[in-house]
1. Quick one: is A:Val301 among the β-branched types (Val, Ile, Thr) and within 14 Å of chain B (Cβ to nearest Cβ)?
2. Conditions first: (1) outside any helix (DSSP H, G or I); (2) under 18 Å from the mean Cα position of the chain (by Cα); (3) free of Cβ contacts under 8 Å to residues at least 60 places away in the same chain; (4) more than 21 Å from A:Arg34 (Cβ to Cβ). A:Val220 passes all but one, so which condition is the exception?
3. Picking from B:Thr123, B:Thr109, which residue would you name as being outside the structural domain of B:Gln249 (by TED's automatic domain parsing) and in contact (Cβ under 8 Å) with a residue 24 or more places away in the chain?
4. Is there any pair linking a residue in region A:18-32 that is at the interface with chain B (Cβ under 7 Å from one of its Cβ atoms) and surrounded by fewer than 20 Cβ atoms within 10 Å (Cβ to Cβ) to one that is at pLDDT 95 or above and part of a helix (DSSP H, G or I), with Cβ under 7 Å and at least six apart or on different chains, and which?
5. Out of A:Phe245, A:Phe291, A:Phe271, which single residue is surrounded by 20 or more Cβ atoms within 10 Å (Cβ to Cβ) and either over 16 Å from the mean Cα position of the chain (by Cα) or not assigned by TED's automatic domain parsing to the domain that holds A:Ala25 (or both)?
6. Of the numbered conditions (1) within 11 Å of another protein chain (Cβ to nearest Cβ); (2) outside any loop (DSSP other than H, G, I, E, B); (3) of a type in the set (S, T, N, Q); (4) crowded, with 22+ Cβ neighbours inside 10 Å, B:Ser316 fails exactly one; give the number of that condition.
7. Which ones in region B:304-313 are assigned to a helix (DSSP H, G or I) and either closer than 19 Å to B:Ser48 by Cα or within 7 Å of another protein chain (Cβ to nearest Cβ) (or both)?
8. Scan (1) modelled with pLDDT of 95 or more; (2) within 14 Å of chain B (Cβ to nearest Cβ) for the single condition A:Ser56 breaks and write down its number.
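The values are calculated or read from the model by the stated rules, or taken from the named source; none is laboratory data. Every value quoted in this text rests on a predicted model; they were computed, and no experiment measured them. Neighbour counts are summed over all protein chains in view; Cβ atoms, including those assigned to glycine, are modelled from backbone coordinates with ideal geometry.
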Number of protein chains: 2
Amino acid sequence: MNIDMIRAAQQRLSGHVRQTPLLNAPFLDDIAGRRVWVKAECLQHTGSFKFRGAWSALSALEPAVRSKGVIAYSSGNHAQGVALAARMHGVPAVIIMPADSPALKIANTRAYGAEVVLYDRATESREDIGARLSTDRGLTLIKPYDEPEVIAGQGTCGLEIASQAAEQGITKADVIVCCGGGGLTSGIAMALEADAPGLRVRTAEPEGFDDVARSLRSGVIERNARTSGNICDAIITPQPGDLTFPIMQRLAGPGLVVSETEALQAMAHAFSRLKVVAEPGGAVALAAALFRQDQIEGADVIVTISGGNVDAAMFSRALATLA
Amino acid sequence: MNIDMIRAAQQRLSGHVRQTPLLNAPFLDDIAGRRVWVKAECLQHTGSFKFRGAWSALSALEPAVRSKGVIAYSSGNHAQGVALAARMHGVPAVIIMPADSPALKIANTRAYGAEVVLYDRATESREDIGARLSTDRGLTLIKPYDEPEVIAGQGTCGLEIASQAAEQGITKADVIVCCGGGGLTSGIAMALEADAPGLRVRTAEPEGFDDVARSLRSGVIERNARTSGNICDAIITPQPGDLTFPIMQRLAGPGLVVSETEALQAMAHAFSRLKVVAEPGGAVALAAALFRQDQIEGADVIVTISGGNVDAAMFSRALATLA
């Protein structure tokens, strides 16, 4: 895992990925007490940064291997990223999803052209089903974060941040990243180390699911007590990845933690001030910039809005915090 | 009014205006029956394209004149554009607003650094107040659309569309623009005539306020019966401008008209598929692309989302159309 892999991924992604804008608004600066810059990855294809890693992994496969197709376990952003990247490569994608997933998520994944295989969470193992399908059909598993080419793809977001920050004259700032397994965080960290060494990565997580913040503090991988039961579902993972954690440990500052309510408030500010749609897990970094200013250093702060795949009911809950 | 003014405005705007992205999503293509490309001007500074025209007009003033300040009548997007452009130029801005404007709009305009002068709609004339302030303080009036440098500024959006369409290989398409007084439409029309002659401008308006569509049909300026009472308030004007109408008449195809409900539905699709916030008046062009496909030609259609300044209550109404 090194910067050359990220630069190679950027070459492969060129013309296929969107360079997302770095947004700002004076109202957010007033709340945060410093200038706030928002990397709006919710505007990426499929509504999250996951498309970068999926495209990177698919495009790195040998054509003969890729043509047999890919497989992923996910009901969320990674599934959609893999499905669309596969469709754009003209190869099959199988997504294994729990049978009780929301109908809209299943429909969306199918609409991106993927074959959805449903399983019963109570009686079946998705790993067994995946292993059988992979063997039978020669499908390649695309893991969501602990996979070098996926991390390299997410790192392209960091190369863009480095260049967009330089355009704005920002040479020193914390870069807060919404963090689940650490694929986006570690990729961005490596990109900044190479191209913008004055920018330091920080992680943002929801309360009660702060495995990365605790792991960074203790120096060893810590697990979450629970793996569900939070509105920030997109970034709820059991623990940091084996590949991603050492990178974060070497390069990231102390982790930041916000409440669910703060994530909803950040979504509302993104709506009213930036005109973009953030999902709860995609808003925790902005929440940290707005509501943890005493834990942040410098005159500027950069945050990712990592995804915007949220339904109308949850979004209305966020808007209600404006009242 | 010519293309050289638009190119000169683009020079003056460079580094100050955002180049907004041209977004797309397979789900929108499926509804529209052709590829849909969305110029997301809601992501512009102050949440609408109006910042372009305001910056253009302010930057075109002689420094000695500009330093005395500018004045505008508006409670909406033009006010915010003028206020922020003036603040960034370091000159005073006075915005004349009805005393019964929503408190949030007054607060926002003040937060952009403008002096807000309130007047009583029943007993006072904003023109009289404006004339007195202009004379006393030497303020320059920035009109919202019927002003060459404002049209030139809005035309820079068209230069971007021409170049972004070329990047996507689009050489022939209708470009549907949310149309009030015609500043954005006429500016884009002239830019496309010069840089992308295969792209043709079309206007989109709400039912009952289709003065431009009727004027284009009859060949003379037609007025609306009413000038209020529609959720698309940002694009409700009495009639097309004296400067903008001849340009539209020469370059625009037939006007398109959509209902309020269709505008709300388009807002909901922009939320769920593009992750951007559109206001009702900013969503009529997308609504036309989605729901007037038999009146549109070609394999691609380009639309503007011209603004995103909408409150939570109206946005929730739009989201409710998804159910």
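1. No: the conditions fail for A:Val301.
2. Unmet for A:Val220, out of (1) outside any helix (DSSP H, G or I); (2) under 18 Å from the mean Cα position of the chain (by Cα); (3) free of Cβ contacts under 8 Å to residues at least 60 places away in the same chain; (4) more than 21 Å from A:Arg34 (Cβ to Cβ): (2).
3. Residue meeting the stated conditions: B:Thr109.
4. Once the first residue is at the interface with chain B (Cβ under 7 Å from one of its Cβ atoms) and surrounded by fewer than 20 Cβ atoms within 10 Å (Cβ to Cβ) and sits in region A:18-32, its partners that are at pLDDT 95 or above and part of a helix (DSSP H, G or I) give A:Arg18/A:Leu43; A:Arg18/A:His45; A:Phe27/A:Arg273.
5. A:Phe271
6. Single failed check for B:Ser316: (4).
7. Scanning region B:304-313 gives a single hit, B:Ala312.
8. (2)
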